[in-house]
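**Student:** Handing you this structure, nothing more for now.
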Amino acid sequence: MVWSQMARISKPSIAALLIIGVLLLTAGTALAAEETPGGNNPLGLQVKSAFLMDAETGQVLYDMNSEEALPPASMSKMMTEYIVMEEIADGNLSWDEVITVQHNAATTTRQGSHVFLAQGDQHTVEELFIAMAVGSANDASIALAEHIEGSEEAFARRMNETAEELGLETAHFINATGLNREDMSPEYQPQSIGGETIMSAKDAAMLAYYILDTHDEFLTYSSIPSYKFRERDKDPMINYNWMLEGNKDVPAFEPYVYEGLDGMKTGHTSAAKYCFTGTAERDGMRLISVVMGAQSEPQRFLQTAKLLDYGFTNFETKTVVAAKSTLETLETVPVSKGVQTEVPIVTESGVSFLVEKEIEPQIELLESTVQSADELVAPIATGTVVGQATYQYTDSSGATLERTVNLVTSEEVKKGSWWRLMFRAIGDFFSGLFNGIVDLF
């Protein structure tokens, strides 16, 4: 089986991603704590914090204590996975590149999951990535980290730099695994980074969002139910994610299997209890859920099911503006020095909201802005961004959410000839002169 032959969507800029991050952080929610009777836990979730969002738009659907920084345990490996995939996307690493295991990875057996790597072992990036994604292997995570940055501590510094770039406000990493400091080998405990690894449920969801948005190949790995790391291994490693739809024929996991669920990462330490960042897709709608601090392994999945059931049962995607649509209030914009004096404009992409089922959504065009003729000078290519339109959705609680879409030219505008521009200027002069005379009377 060749796991590396997968499609990947184009990588958006960090700036574009941060726009979504800001929307996620500031948007009103359909079931936020301050808007919902019954306090900040109307679903009665038995966890310390929880979060539910739409994976396409970043729209928040449920928020329970989501900004408190808590130990995430192995959910922090999502950042390790993100950086590995960034390195591959940037051409600095390849799935079939061979990594030689160093001392740190070979001796990290004090706590947690591992695949028993020995110093000097050689495995491909893809093999180690699968061990991390499926078996949550700490030794595989360290081997990848050391290969990329030279040491696990240097890699942890990069994790924190990346967290800052992505706008993760609470995330702090001290290693590539999510282990507590005391559970690391003493000689490899970080000296330049203080504290412990922490991350809020909201930041975990945002990190999952960025992974899905830029590296959708991740789901190919996270959805593997089991994997034999070595041919000589007696048994395959079993994915800690019991909810995978791929487990539907496994009797032990049947009570937890969730339709459409294909990721993303579990976590457990004595400090973190049981955590899980999940994602599932049904009827074209993908949700991201996070629960932290569940009291048992089964509970983290049962509480996740409650969250996802709430989202899929109560919401549906509504496209309010299709891609390449014309605004009723603004069909063209003026152009300077072109063959024509104006150009039609359309929306660059569609605008969608998750709306409450069986309730007519209140959606309006809030504002639209375009560049002036002085700013739009021919020649202008088709698809040139010339403005923006913002739509607002108001839910039944009165909370609002905005989406902004670019307005682009739907035609090319060539530069006008010297003669054309001269006669146009003469015409404009006499037209202005005539109108000025008329105004005198």
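**Student:** Give the relative contact order (percent, whole number) for segment 137-182; include only Cα pairs under 8 Å separated by 6+ residues.
**Tutor:** This gives 39 percent for segment 137-182.
**Student:** Over segment 38-79, average the accessible area per residue using a 1.4 Å probe and give it in Å², no decimals. Intermediate values should be presented prior to the final figure.
**Tutor:** Details: 1200 Å² over 42 residues.
Accessible area per residue, segment 38-79: 28 Å².
**Student:** For the chain, with only Lys/Arg (+1) and Asp/Glu (-1) charged at the beta-carbon, what is the dipole magnitude about the Cα centre, in debye rounded to 20? Walk me through the numbers before you get to the answer.
**Tutor:** On the way: 29 positive and 63 negative charges, 56 e Å.
The dipole of the chain has a size of about 280 debye.
**Student:** Could you state the per residue volume, in Å³, of the convex hull enclosing the Cα atoms of segment 351-392?
**Tutor:** Taking the convex hull of the Cα positions in segment 351-392, it is 78 Å³ per residue.
**Student:** Give a quick list of trypsin sites (Lys or Arg not before Pro) in segment 283-335 that DSSP marks as loop, anything other than H, G, I, E or B, with at most 15 other Cβ atoms within 10 Å.
**Tutor:** K324
**Student:** To continue, here is another question. Only four residue types carry charge here, +1 at the Cβ of Lys and Arg and -1 at the Cβ of Asp and Glu. Report the dipole size of segment 172-278 about the Cα centre in Debye, rounded to the nearest 20.
**Tutor:** Value, rounded to 20: 240 debye.
**Student:** On a full-extension model of 0.36 nm per residue, what is the gain between D309 and E161, subtracting their alpha-carbon distance, rounded to one decimal in nm?
**Tutor:** Using 0.36 nm per residue and subtracting the Cα-Cα distance, I get 49.8 nm.
**Student:** Could you tell me which of rounded, prolate or oblate describes segment 261-326, using a ≥ b ≥ c as the square roots of the eigenvalues of the alpha-carbon gyration tensor, with rounded for a/c under 1.5 and, failing that, prolate when a/b is larger than b/c and oblate otherwise? Intermediate values should be presented prior to the final figure.
**Tutor:** Values: a/c = 3.61, a/b = 2.67, b/c = 1.35.
Cα axes put segment 261-326 in the prolate bin.
**Student:** Still on this structure, I have one more. For the chain, what is the calculated [θ] at 222 nm in deg cm²/dmol (nearest 500), taking -39500 (n - 2.57) for each run of four or more DSSP H residues and dividing by its residue count?
**Tutor:** Calculated mean residue ellipticity at 222 nm is -9000 deg cm²/dmol.
**Student:** Please work out whether segment 71-198 counts as rounded, prolate or oblate from its C-alpha gyration tensor, where a ≥ b ≥ c are the square roots of the eigenvalues and a/c under 1.5 means rounded, while otherwise a/b larger than b/c means prolate and anything else oblate?
**Tutor:** Since a/c reaches 1.5 but b/c is at least a/b, the shape of segment 71-198 is classed as oblate.
**Student:** Which of the three applies to segment 207-304, rounded, prolate or oblate, going by the alpha-carbon gyration tensor with a ≥ b ≥ c and a/c under 1.5 meaning rounded?
**Tutor:** Verdict is rounded for segment 207-304.
**Student:** Still on this structure, please answer the following. Counting each pair of different Cα atoms once, what's the Kirkwood radius of the chain in Å, rounded to one decimal?
**Tutor:** About 24.2 Å, per the Kirkwood formula over Cα pairs.
**Student:** Going toward the positive end of the dipole of the chain, with +1 on Lys and Arg Cβ and -1 on Asp and Glu Cβ, which of A118, T170, P334 do you reach last?
**Tutor:** The one lying farthest along the dipole's positive direction is A118.
**Student:** Tell me the angle of helix 418-440 to the major Cα principal axis of the chain, expressed in degrees between 0 and 90 and rounded to the nearest ten.
**Tutor:** 60 degrees
**Student:** Can you tell me the length gained on complete extension of the stretch S270 to E68, counting 0.36 nm per residue apart and subtracting the Cα distance?
**Tutor:** Numbers: separation 202, 0.36 × 202 = 72.72 nm, distance 1.80 nm.
Going from the current span to full extension adds 70.9 nm.
**Student:** Just to verify a number: FRET efficiency for Q122 and N406, C-beta to C-beta distance, R0 = 56 Å, to 0.05?
**Tutor:** 0.75
**Student:** Now a separate question. What number comes out for the charge environment of A294, summing +1 per Lys or Arg and -1 per Asp or Glu over other residues with Cβ under 12 Å away?
**Tutor:** Summing Lys and Arg as +1 and Asp and Glu as -1 gives +3.
**Student:** For segment 285-395, what relative contact order do you get, as a whole percent, if you take Cα pairs closer than 8 Å and at least 6 residues apart?
**Tutor:** Relative CO of segment 285-395 lands at 24 percent.
**Student:** Under 8 Å for C-alpha pairs, at least 6 residues apart: give me the relative contact order for the chain, rounded to a whole percent.
**Tutor:** The value is 15 percent.
**Student:** Just order 77-84, 327-334, 403-410 by mean Cβ neighbour count inside 10 Å, highest at the front, would you?
**Tutor:** Peptide ranking by packing, descending: 77-84, 403-410, 327-334.
**Student:** What distance in nm separates the two pseudo spin-label positions at S185 and T317, each 7 Å out from Cα along the beta-carbon direction?
**Tutor:** Here the modelled spin labels are 4.6 nm apart.
**Student:** Could I ask something else about it? Taking 0.36 nm per intervening residue step and subtracting the Cα-Cα distance, what contour gain separates D233 from D96 on full extension?
**Tutor:** Value of the extension gain: 47.2 nm.
**Student:** Past 30 Å, Cα to Cα: identify those pairs from K202/K324; K202/K318; K77/K318; K77/K324; K248/K357; K248/K273, in the order given.
**Tutor:** Pairs exceeding the cut-off: K202/K324; K77/K318; K77/K324.
**Student:** Then there's this: Can you order the peptides 254-266, 54-66 by their average number of other Cβ atoms within 10 Å per residue, highest first?
**Tutor:** Numbers: 254-266: 20.4, 54-66: 22.8.
The peptides rank, most packed first, as 54-66, 254-266.
**Student:** Charges at C-beta only: +1 for Lys and Arg, -1 for Asp and Glu. How large is the resulting dipole of segment 28-160 about its Cα centre, in Debye rounded to 20?
**Tutor:** Charge dipole of segment 28-160: 500 debye, to the nearest 20.
**Student:** If you count, for each residue, the other Cβ atoms within 10 Å and average over each peptide, how do 147-155, 228-236, 341-349, 93-101 line up from highest to lowest?
**Tutor:** Values: 147-155: 19.2, 228-236: 10.4, 341-349: 17.7, 93-101: 15.3.
The most tightly packed comes first, giving 147-155, 341-349, 93-101, 228-236.
The values are calculated or read from the model by the stated rules, or taken from the named source; none is laboratory data. As the structure is a prediction and not an experimental result, all values here were calculated from the model. When we count neighbours, we look across all protein chains shown, and the Cβ atoms used for this are built from the backbone with ideal geometry, even at glycine. Areas reflect the complete protein model, heavy atoms only, side chains present, ligands, DNA and RNA absent. Shrake-Rupley method; radii C 1.70, N 1.55, O 1.52, S 1.80 Å.
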